[in-house]
Amino acid sequence: MDDFIFADEDDKKSKAIKEVYKILIVDDDESVHTITNTALKTIHFEDFTIKAFSVYSAKEAKEVLANNNDFALALVDVIMETDEAGLELVDFIRNVLKNDVIRLVIRTGQAHTFSAMEVIARYDINDFKEKTELTVESLFITIRGAIREYGQLIALEHDLKEQRLALDAHAIVAITDVKGNITFANRKFQEVSGYSLDELIGRNHRILNSGEHPASFWEEMFDVLAHGNTWRDLVCNRAKDGHLYWVDTSVIPFMGEDAKPQSYIAIRTEVTGQVKAKIALKESLDFQKAIFDNIGASIILTDASGIITSINNTGLEMLGYSSDELIGQSPEMFHKHDEIVKQAELLSLELNEQIEPGFRVFVAKSGHNVVDTGEWTHVRKDGRELSVYVAITALRDDSDKIYAYMEIASDISMIKEAQRQVDSVKEEQKKQDKVMIQQSRLAQMGEMISMIAHQWRQPLGAIAATALDLKFKIELESFDLQTQEGLDAMNHTFIENLSKIESFTNGLSSTIDDFRNFYSSNKKSVSVSFRTVVNRVLLIVQSSMEAQKIEIVEEYGDELLLTMQDNEILQVILNILKNSQDNFREKFKFEPQIKIITRGNSLLIFDNGGGISEEILDKIFDPYFSTKDEKNGTGLGLYMSKIIIEDHHKGKLSAYNLMDGVCFEIELNEYKE
């Protein structure tokens, strides 16, 4: 292939770089090439230059053009290897190479053989010339016009390419025939759907059907398109891998001469993220609305001025009003006026500013960036009053300006009523406890009197024996009253025996004091050790314990001083000791023993009386439950002991089996009345 470049000499001096256009001369006649190139040398173009290439057959031209698609113009002879070789070359360029940009000019020396109109009509050429027209002027006009058209086509193709790139980057484009079979799909369509171009072309668009839309959805689309209108909606498609994606779709029909669609172009934008966000937002709003309407509390929203803008279903049910009756009103309509006035006075003092009765009473604190909580009375439409617990929050915008208030109110009427009932039960329980305490004390009083009677026998007997001894000595005239020695002996004897009687009497008086102190109503707390209280108890029970041959073993640790109501603790210890004593008596225990041990703030009392059955161990502190026979037990002692330790002293009283007996443990914490 020969090539030539033609340019004016003056052009070489030009600093501007001119566009170079390639021209292909296709002719089997050498003289035509010579004449054409000679003519081209004399032609000067102001704004471009020409580079000419020569080939001598259609076959050679096909090879050149197949490997070079940048020729602007081809001057093609018709008759070369065959009578229609040039026309076949034109068909090859347009239909095989799909080159619609190159300008094609047919030149023939046998114009009578071909009809110019017929050739132009049958083949996509741009001009038809006879070789006799190979003048400089004719060639200039032909080249100038062809290059202008080529430049315009190249510019247009460039613009279209840029637009297509932009469209491919953003839009999903497909073209289908009237039956929905895909005839074109751009790169974006392939990327989003997951199908290759080969998998799409010729396939029906239904391969993307997700099944999310009913048949009526598509029927409506085809009805719009059938009238030549553009249809637009959100469509859910299914990709090749099965996942769903959403596209904002516009379908445009191409109408035929019969006013019916011949094909469709669909331009889509993927909006899966937006749709999912919209769905998530709707679900969130639906969820919030469900909570708002069905939460077990009244929720009322007002604007900044205190006008109700919204109220949930619970609030409507609670107040007995309809939404229309409350929207646009102030919350004051269902509050008691005297409560509002009272609250205004309290808030004025608390906030040190004048708060007038009105809506501000409800929101004064929330306006100071705190959640205002408290109890109010709501008055229903039917006049019934409800006790409610209210929390009011100020809602603020980005500039920290209050734009609304939210009140959440819980109906606590049932709680209030339940509390009243609980208080009533507690009061009744206190009365019953007082009765039980009295019963327990009466029972213990009987036991105390029995122990006092037992304890008094010995000193009373000693007093009687001493008095009788004195009587016998007087009656027997044991003293010689006539002598000073006899008088001194009598005085000594009488003083000695009277001192014994005084000692015995003091002992009896001490027992009475212990009895009186034991049942004293004095509830004053004292600071005392367990050992001191235990010693007081042992003074009371010592005689009866010795009579029953019960060994008392004492082991005292640190003399820790505890704050307690000592008379009550004395009652508890006495009750535990008496229970062990009674148990020994009922079981005829051989060598009975009670150990009393102190460890810090704990007092342990355990015996060797065989313990308590595990089946009833957790019931021994129940009222009226007794392990003794009916004649010896009231079932109140341990019950009252637990009340004294755990309710009065905030300590702990527990019982558990240990070795061959039961252990009662008293734990006292620091107690202050």
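The values are calculated or read from the model by the stated rules, or taken from the named source; none is laboratory data. Since we're looking at a predicted model, the values are computed, not measured. Ideal geometry is used to build each Cβ from the backbone, glycine not excepted, and the neighbour counts take in all protein chains shown. Side chains are part of the model used for accessible areas, which takes the heavy atoms of the whole protein and leaves out ligands, DNA and RNA. Shrake-Rupley method; radii C 1.70, N 1.55, O 1.52, S 1.80 Å.
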Item to check | Check on residue 586, without any contact (Cβ under 8 Å) to a residue 24 or more places away in the chain and over 53 Å from the mean Cα position of the chain (by Cα) | outcome: no
Item to check | segment 346-358 residues that are under 19 Å from residue 375 (Cα atoms), paired with ones that are open to solvent by 90 Å² or more (accessible area, probe 1.4 Å) (beta carbon under 7 Å, 6 or more apart) | outcome: 348/354
Next on the checklist: If I filter segment 265-272 for residues that are without any contact (Cβ under 8 Å) to a residue 12 or more places away in the chain and farther than 21 Å from residue 199 by Cα, do I get at least one hit?
Outcome noted: no
Checklist entry - Does residue 302 satisfy the criteria of being hydroxyl-bearing (Ser, Thr, Tyr) and exposed (fewer than 15 other Cβ atoms within 10 Å of the Cβ)? => result no
Item to check | Single match in 353, 345 (criterion: in a helix (DSSP H, G or I), of a type outside the set (A, V, I, L, M, F, W, C) and either out of contact with any Lys or Arg (no Cβ under 8 Å at 6 or more places or on another chain) or surrounded by 13 or more Cβ atoms within 10 Å (Cβ to Cβ) (or both)) | outcome: 345
Checklist entry - Given 134, 89, 156, which one is touching a strand residue (DSSP E or B) at 6+ places or on another chain (Cβ under 9 Å) and either modelled with pLDDT under 85 or over 26 Å from residue 49 (Cβ atoms) (or both)? => result 134
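Listed here are the residues, each with its yes/no results for (1) among the basic types (Lys, Arg); (2) surrounded by 20 or more Cβ atoms within 10 Å (Cβ to Cβ); (3) within 60 Å of the chain's Cα centre (by Cα).
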{"site": "530", "(1), (2), (3)": "no, yes, yes"}
{"site": "540", "(1), (2), (3)": "no, yes, no"}
{"site": "553", "(1), (2), (3)": "no, no, no"}
{"site": "558", "(1), (2), (3)": "no, no, yes"}
{"site": "569", "(1), (2), (3)": "no, yes, yes"}
{"site": "572", "(1), (2), (3)": "no, yes, yes"}
{"site": "577", "(1), (2), (3)": "no, yes, yes"}
Next on the checklist: Suppose we filter 413, 520 for residues that are of a type in the set (Gly, Ala, Ser), out of contact with any Gly (no Cβ under 6 Å at 6 or more places or on another chain), open to solvent by less than 50 Å² (accessible area, probe 1.4 Å) and modelled with pLDDT of 75 or more; which single one remains?
Outcome noted: 413
Checklist entry - Which of the residues spanning segment 373-389 are more than 17 Å from residue 341 (Cβ to Cβ) and either open to solvent by 20 Å² or more (accessible area, probe 1.4 Å) or among the β-branched types (Val, Ile, Thr) (or both)? => result 373, 380, 381, 382, 383, 384, 387, 388, 389
Next on the checklist: Checking the conditions here, which among 613, 626 is of a type outside the set (Phe, Trp, Tyr), at pLDDT below 85, in a loop (DSSP other than H, G, I, E, B) and over 24 Å from residue 530 (Cβ atoms)?
Outcome noted: 626
Item to check | Number of the condition not met by residue 309 [criteria: (1) among the β-branched types (Val, Ile, Thr); (2) open to solvent by 40 Å² or more (accessible area, probe 1.4 Å); (3) outside any strand (DSSP E or B); (4) at pLDDT 85 or above] | outcome: (3)
Next on the checklist: Please determine whether any residue of segment 583-590 is surrounded by 14 or more Cβ atoms within 10 Å (Cβ to Cβ) and modelled with pLDDT under 85.
Outcome noted: yes
Next on the checklist: Quick check on my filter: what residues within segment 266-293 are in contact with a strand residue (DSSP E or B) (Cβ under 7 Å, 6 or more places away or on another chain), part of a helix (DSSP H, G or I) and over 23 Å from residue 407 (Cβ atoms)?
Outcome noted: 272, 275
Checklist entry - Does residue 392 satisfy the condition of being in a loop (DSSP other than H, G, I, E, B) and among the β-branched types (Val, Ile, Thr)? => result no
